[in-house]
Amino acid sequence: MPLHDVSTLSTARLTLRPLRTEDASPLFAMYSDVEFMRYWSFPVMKRYEQAVDYVARRMQGSVTQTEIFWAIDLTATNETIGTCCLFNADLVSKRAEIGFGLHRPFWGHGYMTEAAGAAVDCAFDLLRLHRLEAEIDPRNTPSARVLERLGFVKEGLLRERWIIDDEISDGAIYGLLRTDRR
């Protein structure tokens, strides 16, 4: 599904903006952090070049309109503190997946609920999607809380879905319909 360029989203404290090449540095800081990566579906980054490649792929996905990948900046300081994206979109079914990550020093301040809420609003109000989905490791209770605050409902469990660095983990599936919104 082509996702139209929605460019920049703003909240009370945050700016969600298109990814830039220079975002490789803050993304490497996040994706090389073992604790941050505990529940991700890809291994910890060990080399800066991996972040450069990752940013290039995400930027290409935005150019081809197959995903929207935002860097999350603190509006007051312009510091990049995380990412949020809409991806795996399906035009016929009017659905997409949402993903997000927040650099560990910024956990516990409500930033991710604020950022993901802006992405949900964009998905339903601007892109006119019918359904959003998210898959998380069921042990990732902070991400589950963010999704539940936004109205997502846990719909199922995919047993032994992922093998990352020889560790097998499940995937919890969450869904949010346009009609579910509060």
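How big is the Kirkwood radius of the stretch 5-85, worked out from every pair of different alpha carbons and given in Å to one decimal?
13.1
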Pop out the ³J(HN,Hα) list for the stretch 73-85 in order, Karplus 6.51 cos²θ - 1.76 cosθ + 1.60 with θ = phi - 60°, rounded to Hz; leave Gly and Pro as x. 10, 6, 4, 5, 10, 6, 6, 7, 10, x, 9, 8, 8
Chymotrypsin sites (Phe, Trp or Tyr not before Pro) restricted to DSSP loop in the stretch 33-129 with at most 16 other C-beta within 10 Å: 107
I need the trypsin sites (Lys or Arg not before Pro) found in the stretch 1-105, filtered to DSSP loop residues with at most 10 other beta carbons within 10 Å of theirs. 46, 47
If you rank 83, 113 by fewest surrounding Cβ atoms within 10 Å, what's the result? 113, 83
At 222 nm, what value in deg cm²/dmol follows for the chain if DSSP H runs of at least 4 each add -39500 (n - 2.57) and the sum is divided by all its residues, to the nearest 500? -7500 deg cm²/dmol
Hey, any idea what the orientation-averaged projected area of the convex hull of the chain's Cα atoms comes to, in nm²? 9.9
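Each reported figure results from applying straightforward, stated rules to the coordinates on display, with no laboratory input. All values reported here derive from a predicted model rather than from experimental measurement. Note: ideal-geometry Cβ built from the backbone for every residue, glycine included; neighbour counts use all protein chains shown.
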